[in-house]
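Report on one structure; see the data block that follows.
The values are calculated or read from the model by the stated rules, or taken from the named source; none is laboratory data. Keep in mind that what you see is a predicted model, and the values were worked out from it rather than measured. Here the Cβ positions follow ideal geometry from the backbone for every residue, glycine too, while neighbour counts run over all protein chains shown. Keep in mind that these areas ignore ligands, DNA and RNA; they rest on the heavy atoms of the full protein, side chains included. Shrake-Rupley method; radii C 1.70, N 1.55, O 1.52, S 1.80 Å.
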Amino acid sequence: MRKRGYKARYAYEARASQNEEPTEIASLIEGLQSLLAPDEHLLGYTRAWIAGGLKGKLNVCPEALFAALVNVGLTDKNLYIQHVNLANGEPSKLSPHHYPLTDVLHIQFADSETFGGTPAGRLTIQIADNLCLRLRVWGFFNVREARSLAKVFQAITAQHRQEEPPLWHTCNACGEKLDQPYRFCPYCGRPSSPMIATDSTTPPSTENQESSPLN
């Protein structure tokens, strides 16, 4: 069962590494629009995998263990997480999740290095109740839209935002910035504990970095 799940995931990512199919893009947008109230407007969207292993999926809901592919939508009022059926790319029957924008502290996007040159990145979402969602983004379209979603969030909340919480940590061994504490640094491979929290909210640069594993 686990092998079949990975096989389906790799097949999906193989499609995403090329130009995404118009039907999948339409399904993403239509699926999110079906969740909106009449006075809401979709300002940003992308499709991503819930990262962070078992804990990362349980942060969303237990069902995420079996439905880790999600649509992410941003409006002027809410942030939506909608589970997606991996087999056909259509919205899942699982209940979607929505977070009022007033509860979303910060959204950051950072590019990730990958083998083969396919764009990838991480979308990190900090919720007010100390909930942190980490999403793995893959493919040209999804990466472009995830980067845009983070910028839109920063723009529409800039006037109301006070000090943003530091989401990045610094490896004590090589000094690279990471999106979460790791026992071993994914860049240098050395034990990186204790890690130093940084006040910078600028995503780490991907220039001249070696490829690093994604969760």
Given 122-129, 94-101, 46-53, the highest-first ranking by average Cβ count within 10 Å works out to 46-53, 122-129, 94-101
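Stretched out fully, how many nm does the piece from Asp76 to Val152 gain, at 0.36 nm a residue minus the Cα gap?
In short, 26.4 nm is gained.
Sorted by accessible area with a 1.4 angstrom probe, largest first, how do Ile107, Ile25 fall?
Numbers: Ile107 0, Ile25 45 Å².
Result of the area sort, largest leading: Ile25, Ile107.
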Quick one: accessible surface of Glu113, probe radius 1.4 Å, all protein chains present, in square angstrom to the nearest 10. 60 Å²
